[in-house]
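J.: Below are the structure tokens for one structure; questions will follow.
The values are calculated or read from the model by the stated rules, or taken from the named source; none is laboratory data. Please read these numbers as outputs of a predicted model, since none were measured by experiment. Methodologically, a virtual Cβ is constructed for each residue, glycine included, from the backbone with ideal geometry; neighbour enumeration extends over all protein chains shown. Just the protein is used for accessible areas: all its heavy atoms, side chains included, with ligands, DNA and RNA removed. Shrake-Rupley method; radii C 1.70, N 1.55, O 1.52, S 1.80 Å.
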Amino acid sequence: MLWLGEPRQVAGATSLRLGAAVGREFRVVIVPGADAEALPVDTASRRRLFVALTRARDLVYLTHVGTPSPLLAEMHSGLVRVYGHVPDEVTKVEQPRLL
């Protein structure tokens, strides 16, 4: 996982701060917390997102809670698939699905 802030321990995964991933490549990259607060529309955020996206060889998962970063809306629609969106008005607990 590539963290936009401080890395956390994650069992069974390589967990790095985004800056430590420069020059490295991974088959799958997970970037949690890609929300509007962590990635506002500015040059530094664009660079950080670019680094995160280009570290993955096969697949990138971007997650967010609340409002997604506006930078995500600027991605080419053919490259992005929205999956697992949970509307705010969900009234019952649902069983999570495994990929």
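J.: Considering only region 40-55, I want to know if a residue exists there that is touching an Asp or Glu at 6+ places or on another chain (Cβ under 9 Å) and of a type in the set (Val, Ile, Thr).
T.: Yes - at least one qualifying residue is present in region 40-55.
J.: Name the residues in region 16-31 that are in contact with a strand residue (DSSP E or B) (Cβ under 7 Å, 6 or more places away or on another chain) and either in a loop (DSSP other than H, G, I, E, B) or of a type in the set (A, V, I, L, M) (or both), would you? First the steps, then the outcome.
T.: Filtering region 16-31 down to residues in contact with a strand residue (DSSP E or B) (Cβ under 7 Å, 6 or more places away or on another chain) leaves 16-18, 21, 25-31.
Across region 16-31, the qualifying residues are Leu16, Leu18, Ala21, Glu25, Val28, Val29, Ile30, Val31.
J.: Hey, another quick one. Based on this model, can you work out whether Leu2 counts as open to solvent by less than 60 Å² (accessible area, probe 1.4 Å) and in contact with a helix residue (DSSP H, G or I) (Cβ under 8 Å, 6 or more places away or on another chain)?
T.: Details: open to solvent by less than 60 Å² (accessible area, probe 1.4 Å): yes; in contact with a helix residue (DSSP H, G or I) (Cβ under 8 Å, 6 or more places away or on another chain): yes.
Considered against the rule, which asks whether it is open to solvent by less than 60 Å² (accessible area, probe 1.4 Å) and in contact with a helix residue (DSSP H, G or I) (Cβ under 8 Å, 6 or more places away or on another chain), Leu2 comes out as yes.
J.: Can you spot a residue in region 69-88 that is of a type in the set (S, T, N, Q), at pLDDT 90 or above and part of a helix (DSSP H, G or I)?
T.: no
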